[in-house]
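**Student:** This is the structure I want to talk about, given as structure tokens.
The values are calculated or read from the model by the stated rules, or taken from the named source; none is laboratory data. These figures come from a predicted structure and were not determined experimentally. Quick reminder, even Gly has a Cβ in these numbers, built from the backbone with ideal geometry, and neighbours come from all protein chains shown. The accessibility values were calculated without ligands, DNA or RNA, using every heavy atom of the protein model including side chains. Shrake-Rupley method; radii C 1.70, N 1.55, O 1.52, S 1.80 Å.
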Amino acid sequence: TSELGCITPYIVASGAEWTAKQLQYQAQILVGPAIANSGCNCLSPKLVILDKDWPQYDAFIGAIKKVMDEAILLPAYYPGAGQRYDTFRSEYENEADATVSLLGGNGKNETKAKAQGGHTAANATIRQYMLIEIDDNTKNKAYALRNEPFAPILTVFSIRGGNDASEFLDKAVSFANESVFGTLSTSLILHPKVDKAVGDLAVARLRYGTIVVNGWSALAFNNYWGGHPSEELADIQSGKGFVNQTLDVDFNLVEKSVTRLPFKTILHEVQKPRDFRFQNPKFSKNLLHFMVKPKLSTFAPLLFYR
């Protein structure tokens with residue numbers, strides 16, 4: 001019962017000014033995992049948590065939309081994906097305090113998706129990527145916070161944090177811990193100008209089994225992987241217990257696995273959404289080799305897989 005699902009948060013700290021290149025770069029490494037396998041992934045980023053008072057809030061949302069809009073559509077073959085997609089759309093499309101954007105595709109990409117994706121079954125659904133923007137004023141916000149969308153859907157939840165990293169992360173961590181379904185994994189994005197002590201406090205408070213600072217939580221799958229041990233049997237969400245024993249430490253002694261990456265690193269290359277990377281059979285084979293034997297010689301083929 002170590003992995004039963006999670007609405008995976010992707011917390012982006014405010015309090016620092018990003019360059020235009022940093023905005024674009026971070027949007028790419030967020031969108032790549034979010035749309036991989038058309039969002040049908042247990043550790044796909046599903047809930048981006050942002051500070052509404054961050055002066056670059058709109059610019060970052062714009063960068064996310066641009067990357068999603070330019071991405072090739074992928075077939076959502078997982079059973080029920082189309083129904084879940086339609087339900088989320090109906091929940092928020094006419095909500096006064098919500099914004100729904102449909103991005104990507106435009107016909108020719110759908111054909112290419114069917115040709116390259118390899119999924120031509122009758123139940124395969126090809127839809128545009130859906131970006132939903134909500135906040136505490138959204139009446140039915142709970143639906144997106146309690147229902148995991150195994151579909152090409154990404155939700156942004158904004159919090160008033162005064163463009164102060166400490167204030168925002170205090171609120172964002174409490175929100176993720178108390179209001180969002182699951183405890184499996186999360187990502188925390190910290191600009192180099194954010195006080196390290198502020199980031200460390202957020203990491204310590206997050207009740208998630210796997211935390212990756214400045215990267216997709218999947219990059220830490222080979223570490224201890226499973227729901228946070230605070231979960232109770234009467235309300236199991238992501239499960240109890242861990243898989244993997246990278247350091248050969250007793251599971252009972254582990255509370256969470258924390259992996260820290262630089263704000264920009266070559267490891268992010270596997271997160272960028274280009275050319276059906278996550279649907280390419282050769283890339284998938286290379287990724288499997290890396291996950292079984294994580295080292296430089298098995299990582300390099302992920303960058304050069306054609």
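**Student:** May I ask you to list pairs of residues, at least six apart or on different chains, whose Cβ atoms are under 8 Å apart, with the first in region 48-61 being more than 16 Å from Val194 (Cα to Cα) and of a type in the set (Lys, Arg) and the second being at pLDDT 95 or above and in a loop (DSSP other than H, G, I, E, B)?
**Tutor:** Lys52/Arg160; Lys52/Gly161
**Student:** Can you tell me which residue within region 147-162, out of those that are among the aliphatic types (A, V, I, L, M) and part of a strand (DSSP E or B), is most open to solvent (accessible area, probe 1.4 Å)?
**Tutor:** Checked region 147-162; the qualifying residue most open to solvent (accessible area, probe 1.4 Å) is Ile159.
**Student:** Of the residues in region 35-55, how many are closer than 18 Å to Ile132 by Cα and modelled with pLDDT of 95 or more?
**Tutor:** 8
**Student:** Within region 105-131, how many residues turn out to be assigned to a loop (DSSP other than H, G, I, E, B) and either farther than 25 Å from Gly62 by Cα or at pLDDT below 50 (or both)?
**Tutor:** Result for region 105-131: 8.
**Student:** May I pose another question? Answer yes or no as to whether Asn140 is in contact with a Gly (Cβ under 7 Å, 6 or more places away or on another chain) and either surrounded by fewer than 24 Cβ atoms within 10 Å (Cβ to Cβ) or in contact (Cβ under 8 Å) with a residue 12 or more places away in the chain (or both).
**Tutor:** Judged against the criteria, Asn140 is not a match.
**Student:** May I ask you to list the residues in region 183-205 that are crowded, with 23+ Cβ neighbours inside 10 Å and over 13 Å from the mean Cα position of the chain (by Cα)? Walk me through how you get there before you give the answer.
**Tutor:** Looking only at region 183-205, we keep the residues that are crowded, with 23+ Cβ neighbours inside 10 Å, and these are 183-188, 190, 202.
Listed by number, the residues that qualify are Thr183, Leu190, Ala202.
**Student:** Right, another one. Which of the residues belonging to region 250-297 are open to solvent by 50 Å² or more (accessible area, probe 1.4 Å), modelled with pLDDT under 70 and assigned to a loop (DSSP other than H, G, I, E, B)?
**Tutor:** Asp250, Arg274, Asp275, listed by residue number.
**Student:** Tell me yes or no: at least one residue of region 163-176 is under 20 Å from Ala220 (Cβ atoms), exposed (fewer than 15 other Cβ atoms within 10 Å of the Cβ) and not charged (D, E, K, R).
**Tutor:** Within region 163-176 (the criterion being under 20 Å from Ala220 (Cβ atoms), exposed (fewer than 15 other Cβ atoms within 10 Å of the Cβ) and not charged (D, E, K, R)), the answer is no, since none of the residues qualifies.
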